[in-house]
1. Starting from the Cα of B:Glu55, move 7 Å in the Cα-to-Cβ direction to define the label point; list residues of segment B:343-367 whose amide nitrogen is under 20 Å from there.
2. Taking a temperature of 20 °C and a viscosity of 1.002 mPa s, what whole-number D in µm²/s does Stokes-Einstein yield for segment C:95-288 with Rh from Kirkwood over alpha carbon pairs?
3. The protein assembly as shown: percent of C-alpha pairs farther apart than 39 Å?
4. Give me the aspartates and glutamates in straight-line cross-link reach of B:Lys222: C-alpha distance below 12 Å, same-chain residues under 8 apart excluded.
5. Hey, could you pull the Cα Rg and Dmax for segment A:87-218, both in Å?
6. Most exposed first by the Cβ proxy, i.e. fewest other Cβ within 10 Å, how do C:Ser65, A:Ser54, B:Ser302 rank?
7. Given Cα pairs under 8 Å that are at least 6 residues apart, what percent is the relative contact order of segment C:53-168?
8. C:Leu41 versus C:Leu172, label points 7 Å from Cα toward the beta carbon: distance in nm?
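Values in this text are rule-based calculations from the coordinates and carry no lab data. Owing to the predicted nature of the structure, the values given are computational and were not obtained by experimental measurement. Note that we place each Cβ from the backbone using ideal geometry, even for glycine, and neighbour counts take in every protein chain shown.
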Amino acid sequence: MRADRAMTPRRVVLSAVGLVAAAFFAFPVYWMVSSALKPTNQMQSTGFDLVPTSLTGQHFLSAVDKPGFGDALVNSLVVTLVAVLFSLVAGLLAAIPLARLRFRGRKGFLLLVLVAQMAPFEALLIPMYLMMRDADLLDKMPALVLVYFAATLPFTAWTLRGFVQGIPAELEEAAMVDGCNRWGAFRRVTLPLLGPGLVATSVFGFITAWNEFLFALVLFQDQSKRTLPVWLSTFQTAFGTDWGGTMAASTLFTLPVVVFFLIVQRNMVAGVTAGAVKG
Amino acid sequence: MKRWKRLAVGAAALAVATSGCGMGGSSGSGGDQGGDKTLTVWLMDGSAPKGFTDELHKEFEGQHPGVKVKYEVQLWKGIQDKLVTALASNNPPDVIELGNTQTARFSAENTLTDLTGSAKDLAGDQWLSGLKESATWDGKQYAMPFYAANRTVIYRKDLFEKAGVTKTPTSREEWLDAIRKVKAANAGDPEFEALYLPGQSWYVWLSFLWDEGGEVTRQDGKNFKAAVDSPEAKAAVEYYKQLVDTAGTKAAKDQDEATPQQYEVFAKGKTAMMVALPWEHANAVKANPQLKEVTAAFPIPSKEAGRTAPVFLGGSNVAIPAGSKRQDLAKDYLKLLSSVKYQNKIAKDGGAVPGTSKDVSALASDPVAGPMALAAQHGRVTPTTPKWGPVEAGQNPLKDMLTAALTGQKTPADAVRDANAKIGQALGG
Amino acid sequence: MTSTIDTAVPAGNPPPAPPRADGRRTGGRRRPLGQVLTPYLLLAPAVVAVLALVGWPAVLVVLTSLRKMDLGELVRGQVVWTGFDNYATVLGDPEFWKITLRTVLFTAACVLTTLLGGLLISLLMRQLGRVVRTALQICMVLAWAMPILSATTVFQWVFDQHYGILNKTLVLVGLSTFEGHNWFASGASTLFVIGVLVCWQAIPFVAFSLYAGLIGIPRELYEAAGMDGANPWQTFRSVTWPTLRPIVMMMTFLQLLWDFKIFAQVWAFRQGGPNGESTTLPVLQYLKGIAGSHFGVAAAVSVLMVVVLLVLTVQYLRMLVRSQEVDL
């Protein structure tokens, strides 16, 4: 059934479709990068400027030079990674019983998670702020970690539960017949198969936390604690927005996500093939 | 006198602390900002050059031994949320800067310290009237003017010369005339624009409205009523349309001057005029340094020859949050800021119109800032009611009005009537 | 009990620590208690976190919706109960139901497009060679990761009336009616562009999730179907779909919740204009509540939004509660 490695017409057509799709997704990103490379007075051009006529590295230089970039990068990485790790751990712990076990209160919890997703998160800004104030967490990194943890956890638990369910329980049962206990079966069969699901979920969590602006702005007053999105907004000033700088900074801003994706992708998807062979 | 007052405040604070009510979080809730001798000052990004604040704070700390100024530059993006939450915190900043259109919302809610009594210490008789009005609520003064800027017509001297326009327009008719001439002289270039004027530059429209003698609202005690449904407003829309049509500007009719940023368009060198603030001119020059020598400004002309049209005054006030625990220090800070020395520096280093000094001589020689500073004294502001902020923040009916009239969707008469109804709704509700 | 915690710990830390599970089987007799407690212990961190960090603030929002909470009340910490006044303000707006309907339709269109797009891309990925697939994946991650500020700006530039590369390209290929075409002249057209942006950024996540489900399907199942002589559609129906269905359902539900709440993108284009024609509920919340610091009103809109969402998803939730085998 699977196409072989030869270049059948079918493969060529599919590859072409794949490349068109890739171009569709990449185009706005390309536009961001090319705008970052255009001189300011060519940003809005009436000519056909699909390929920029002249290039400048000045916007990238000014972005990297802009005060606070290093601090913001570190802050963002720390807050985001810690929050994603927390929510993956707590989410996976919750996903297993939700998908595999039957117990009293399960549906109640599912409903809780669902309804938790319905509230507009920005609407929680003021109550959250007051909570953090009363807990004496303002201007402290844990506050933001908690917020991002809270923002991504319901979703993480919910999707991971779906992924666990997607893996036939029979595979685990077969492993148990082969002499594994329940945990061993889960670890050797289900967990590797969960790899891609964990990738999708953790990338999602990463991007959500990585992009968040409002809470990061409000919970910190100390400028050394700015995160990248807040730093990014320093290009919008009373004296107009430096769009060239914004686009250059956004490009730098996007790169860590891609790196994160490539790392988790390699580590987690590798598990799938291994697991699939055993299963 | 001052020492006595400070003593009283200290005693009051002590009483609160020992009685154990409230204030619990004040100790260290914001890390290092909790100390009694720290004055937290929030100014906006771009408001004061670093040299200015460095000197100001050094002098202030010299005058007040043991006091440290904690200066934090705030970003414009998200400032509303930031201010609201900060004011609700246990330890709000002691001095904040508020945009003038933003001030009413804070003063009307009693969240700022009443400065009416202190005005005389703060050069109150020198205050820029437009800004002063923006910080007044119910007869009381809740903030001190900081600085202002307003729009002028930035023009290309070389292109004017080439087209045979020898003197800058001093009336609306002359302005139209200049546009026609410059346009005709460059008729060969399809990209050329005699005047770049986006359809929703409603601050420019306000100039025409006020020039006609019209108003956005009429005040009736504490209540504001929409007043855009007037012959004056209609005439202002008609003149705006005439400008746009005469210039044949390619600027979008459903955008304001920020999208695209008009200085980026002007910087391309194919535009002879734009109605803009000095910083927009500065940015255009930065993107295209050749413009420096060939640009200047003239005030927005009035319909009556020889007069200039009233202008919308953009700018900032500084205020003391009611919850600040260092009220007297904060007032001293405002006092220093309002002193002639620093007001002159605002003009000289910042290129803006100072808020508490009528002396604008530092700006006079500048080809762009000079005309601005003159016009600023007749600066006006949008209605000073907390209900105006939301009108402007989102779906500004005045912008929709201009777009509808310019695209021909509505007649000017219909457009002003509909805008009036919407503004009335927003102010009434 | 300690033993159950031990079992749980490595699970959250993939790839897992060396197997320590082998010794566990001795606990066979105590299983019933362990089995009863296990799910609760595993759930505990999530439950505590959700209740404390989302649940409690949400309760505060509901309470706020019954209070007058403007800037002054907030700053002074005053509590002024006003019953259902805030709700009356919101529901009294003649536009409210129109805006609600518009939001629902916009959400539905976005969700359908996203899911369909994501499904097709995930199936495509399965068929692609490694190089093209990786290229596609990286492009999708880029799209997904692009900051919303830049994404909305770039889309505005691309769709700009005069400077936009889209109109210029369309004119170049002979569609001269697009010369100076204004994509933001009407609410519907504005929402269309916003929808393209939303779907463009949402499809990658759905595609990755569905693809994750797809590669979990053992190859043997396809081979078996192939031997039975099933055509591709039948294979999809009998092999692929059963695995994807729970993920599709889950994604539909999540996208529904998210798209319904989109604010930043809708606001960035025309602040809900022209003439309020692209105003959705979150925009209404901003205009009526946040912009004027009427936090009580904003909270009331939040509550109403949750109510609308509950109504929209009641069928799904009912199935969830009723079904024995909760697999939706």
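1. B:343-366
2. Working: Rh = 18.7 Å.
Result for D is 115 µm²/s.
3. Working: 267352 of 536130 pairs.
Result: 50 percent of Cα pairs exceed 39 Å.
4. B:Asp138
5. Here Rg and the maximum Cα pair distance are 17.5, 55 Å.
6. Values: C:Ser65 25, A:Ser54 8, B:Ser302 20.
Ranked by crowding around the Cβ, least crowded first: A:Ser54, B:Ser302, C:Ser65.
7. Numbers: 39 pairs, mean separation 11.8, N = 116.
Reported as a whole number, the value is 10 percent.
8. Taking the two extended label points, one gets 6.4 nm.
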